[in-house]
1. Condition check: of a type in the set (D, E, K, R) and more than 17 Å from residue 108 (Cα to Cα). Does residue 38 satisfy that?
2. Quick one: is residue 78 surrounded by 14 or more Cβ atoms within 10 Å (Cβ to Cβ), within 19 Å of residue 121 (Cβ to Cβ) and either at pLDDT 95 or above or touching an Asp or Glu at 6+ places or on another chain (Cβ under 6 Å) (or both)?
3. What number of residues within segment 63-75 satisfy the criterion of being outside any strand (DSSP E or B) and under 14 Å from the mean Cα position of the chain (by Cα)?
4. Take segment 48-67 and flag every residue that is among the β-branched types (Val, Ile, Thr) and surrounded by 17 or more Cβ atoms within 10 Å (Cβ to Cβ).
5. Under the condition of being in contact with a helix residue (DSSP H, G or I) (Cβ under 9 Å, 6 or more places away or on another chain) and open to solvent by less than 50 Å² (accessible area, probe 1.4 Å), which residue from segment 19-47 is farthest from residue 94 (Cα to Cα)?
6. Can you pull out every residue in segment 28-58 that is assigned to a strand (DSSP E or B) and either at pLDDT below 95 or under 10 Å from the mean Cα position of the chain (by Cα) (or both)?
Amino acid sequence: QVQLVESGGGLVQAGGSLRLSCAASGRTFSSYTYGWFRQAPGKEREFVAHISRIGHTGYADSVKGRFTISRDNAKNTVYLQMDSLKPEDTAVYYCAASSALWARNLPDFRSWGQGTQVTVSS
């Protein structure tokens with residue numbers, strides 16, 4: 001399995017931007033599909049974005065056009081650029097890895113990071 005460590009969370013005002021990073025170690029980075037998920041207090045963990053081995057991306061409707069997922073195989077890192085942030089984006093954000101060719105459901109992801117807090121103030 002791959003080990004994942006997220007960073008880049010913090011407090012930002014509405015309309016601002018943050019970039020989350022997910023550093024991976026362990027088995028071959030490039031062979032995994034990666035996803036970002038988030039969990040707000042009292043809510044279930046939900047899908048945010050994913051990127052396949054060859055760079056195909058997908059997004060939740062709630063973040064489409066505002067968030068961008070990318071990967072740098074040379075640096076073993078996945079990124080989530082978050083622009084035009086809203087208070088409803090406040091959550092703990094998790095990075096996850098899947099061995100499936102294309103995955104966006106929680107059970108498809110077997111490796112998870114510890115999460116990073118994102119708080120958007122109004």
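The values are calculated or read from the model by the stated rules, or taken from the named source; none is laboratory data. Keep in mind it's a predicted model, so treat the numbers as computed, not measured. In this analysis, Cβ positions are derived from the backbone assuming ideal geometry, glycine residues included, and neighbour counts consider all displayed protein chains. Calculation scope for accessible area: heavy atoms of the full protein, side chains included, ligands and nucleic acids excluded. Shrake-Rupley method; radii C 1.70, N 1.55, O 1.52, S 1.80 Å.
1. Working: of a type in the set (D, E, K, R): yes; more than 17 Å from residue 108 (Cα to Cα): no.
Here the answer is no, as residue 38 does not meet what is asked.
2. On the way: surrounded by 14 or more Cβ atoms within 10 Å (Cβ to Cβ): yes; within 19 Å of residue 121 (Cβ to Cβ): no; either at pLDDT 95 or above or touching an Asp or Glu at 6+ places or on another chain (Cβ under 6 Å) (or both): yes.
Judged against the criteria, residue 78 is not a match.
3. The number of residues fulfilling the criteria is 3.
4. 48, 51, 63 - these are the residues of segment 48-67 that are among the β-branched types (Val, Ile, Thr) and surrounded by 17 or more Cβ atoms within 10 Å (Cβ to Cβ).
5. This residue is 33.
6. Going through segment 28-58, the residues assigned to a strand (DSSP E or B) turn out to be 33-39, 46-51, 57-58.
Selection gives 34, 35, 36, 37, 38, 47, 48, 49, 50, 51.
Quick grid of which residues meet (1) touching a Ser or Thr at 6+ places or on another chain (Cβ under 8 Å); (2) acidic (Asp, Glu); (3) over 20 Å from residue 102 (Cβ atoms):
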position: 42; (1), (2), (3): no, no, yes
position: 47; (1), (2), (3): no, no, no
position: 74; (1), (2), (3): no, no, yes
position: 80; (1), (2), (3): yes, no, no
position: 86; (1), (2), (3): no, no, yes
